[in-house]
Amino acid sequence: MNRAAFLMTLVALLETGAASPSPIVPAPQPSTLRIASFRAGPVRCGASERVPVRAVTPLPVASALAGPGEPIRFGFRIDQDGRPLSIRRIGGPEDPALDIRDLAPALTAWRFEPGAAQADCEIAFAVQLDSVESADEALLFRYAALGRLQLPGSGDGALVARAFVRLRRPGSTCTPDPVPLAPMSLQFQSIPEIPGGISYSFFSFDVDAEGRPVHIRLLDSSGNGALDVAGDAAIGQARFPAQPRIGCLHYFFRNSTERVAAPVEPSSDLYPATPACDREIPWEIATLFRRRYPVEFLRRPAEGWVIFGYDVVPSGALDNIRILASEPAARFGEEVSRAAAEVRVKGRAQRGCVQRVRFLLPGR
C-alpha cells in the first residue's frame, strides 16, 4: 500500500473508529522476523523522577534485529498541564531493522500531574524481542489484534499469520475463520477511548449448524470494558454460513478519534521575520508542507506546528533551513525540513525569513 492510500485508510479509521475481523490468514511462511515490544523506564526530569498519571504503551512491531541493543531514549519537557512536549529522540541514527515510529506519538498521549512546568526530562524504552514461538500469549493477542494499524514498511504480514496459528486452539475447525453474512454492528463512537489510546478485545467462539455463534469467550483484552461488552454482543448477534465450526477467532479494536490540539503557539515577537519576507514570501507555501503530515500522528491523532527559518536564493530555492520550534514533537519539524528542499518561491532573494506551518487533522 502506498503512502497516499494508507493515509486515506487511516483517516477513515480515525473518523469512524475501527473494528477488524480476523483476517483470512495465509499459511505461515518461515520468517526471521521477531516481535519487538517496548517497555518504558522511569521518567527523570533533572534530579527528580516524575510518575505519569496516564501512560500509553507503544505498539509492538515486526523486527529483523539480531539483538535488542541499547534502549531508545527520548528527551522532552512537561508543561504546566502535565503534557509532554518538545519530544525528540536522543542518540545515534535509527536502526532500519526496528520501527520506532510509534514511540513519540505514544509518549505524546502520556499525562503527568499538572503543576509547575519542567524541562530536561528523559525516558528510555527497553526493546524486547520474542519469536512467535517464545512470546507469551498476551503479546501475541495484542500484536495480532493491532497488526492492521502497522505503518507501511513494517513487513509484518507473515508474522501476524504465524501469531494466529499459535493462538488458534487445538481442535479448531475454523481455518480460515468464517465471514459473517452481514457486517457486525458495533457503535464505536459510543465506546470511550483515551486520547491517543488504542484498545482491543480478542474473542473465540463456535458456530452451530444454523450459523449462530455459541460459546463466545473473551480470550484477551487491553482492558476497555465497554469494548469487551460491545464486542461480545456484536458476535452474539452475527450470523454465519450454516456450517458447524469450533474455535473461531475474532477481534475488535478501538482507536482514539479525539483530536489532540497542538499547544499554543508562541508570539511572533519571539521569532520575528524581516519585513521584506513578511510581504513577499507567499503564505501558500505552507500548504505544500501540510501534505507531509507525519503518518504516525494520524494513527494517534495529534496536531502540531512548526516554526522554521530560511533564506531564499536567486533560484527560488530555500536555503539555510533552521527548525526554530516544533510541537508536540520534533517529528513534525523533520517533515518540514524534508519538504523544504522541494519548495520554490517567486521573487527576489531574501534572508532571515520565518514561516509557521500548522498541521491540522482532516475536518479542521
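The values are calculated or read from the model by the stated rules, or taken from the named source; none is laboratory data. For clarity, every value in this text was computed on a predicted model and none was experimentally measured. Neighbour counts are summed over all protein chains in view; Cβ atoms, including those assigned to glycine, are modelled from backbone coordinates with ideal geometry.
Structure notes:
- Residue within the stretch 170-183 that is touching a residue at least 60 places away in the same chain (Cβ under 8 Å), surrounded by fewer than 17 Cβ atoms within 10 Å (Cβ to Cβ), in a loop (DSSP other than H, G, I, E, B) and at positive phi present: yes
- A search for C-beta distances below 6 Å between a residue of the stretch 49-68 that is in the same structural domain as residue 99 (by TED's automatic domain parsing) and any residue that is β-branched (Val, Ile, Thr), counting only pairs 6+ apart in sequence or on different chains, returns 50/43; 60/35; 68/127.
- Test result for residue 58, under 20 Å from residue 151 (Cβ atoms) and of a type outside the set (S, T, N, Q): yes
- Residues of the stretch 139-156 that turn out to be assigned to a helix (DSSP H, G or I) and either at pLDDT 85 or above or out of contact with any helix residue (DSSP H, G or I) (no Cβ under 8 Å at 6 or more places or on another chain) (or both), as a count: 9
- Within the stretch 157-185, considering residues that are out of contact with any strand residue (DSSP E or B) (no Cβ under 7 Å at 6 or more places or on another chain) and charged (D, E, K, R), the one modelled with the highest pLDDT: 166
- Among the residues of the stretch 74-108, those identified as exposed (fewer than 15 other Cβ atoms within 10 Å of the Cβ) and either in contact with a strand residue (DSSP E or B) (Cβ under 7 Å, 6 or more places away or on another chain) or in the same structural domain as residue 305 (by TED's automatic domain parsing) (or both) are 90, 91, 97.
- Top-ranked residue in the stretch 292-342 [being under 14 Å from the mean Cα position of the chain (by Cα) and assigned to a loop (DSSP other than H, G, I, E, B); ranked as surrounded by the most Cβ atoms within 10 Å (Cβ to Cβ)]: 300
- Among residues that are loosely packed, with under 13 Cβ neighbours inside 10 Å and closer than 19 Å to residue 174 by Cβ, residue 234 is not included.
- Taking the stretch 216-243 as the range and being free of Cβ contacts under 8 Å to residues at least 60 places away in the same chain, outside any helix (DSSP H, G or I) and hydrophobic (A, V, I, L, M, F, W, C) as the test, the residues that pass are 216, 218, 238, 242.
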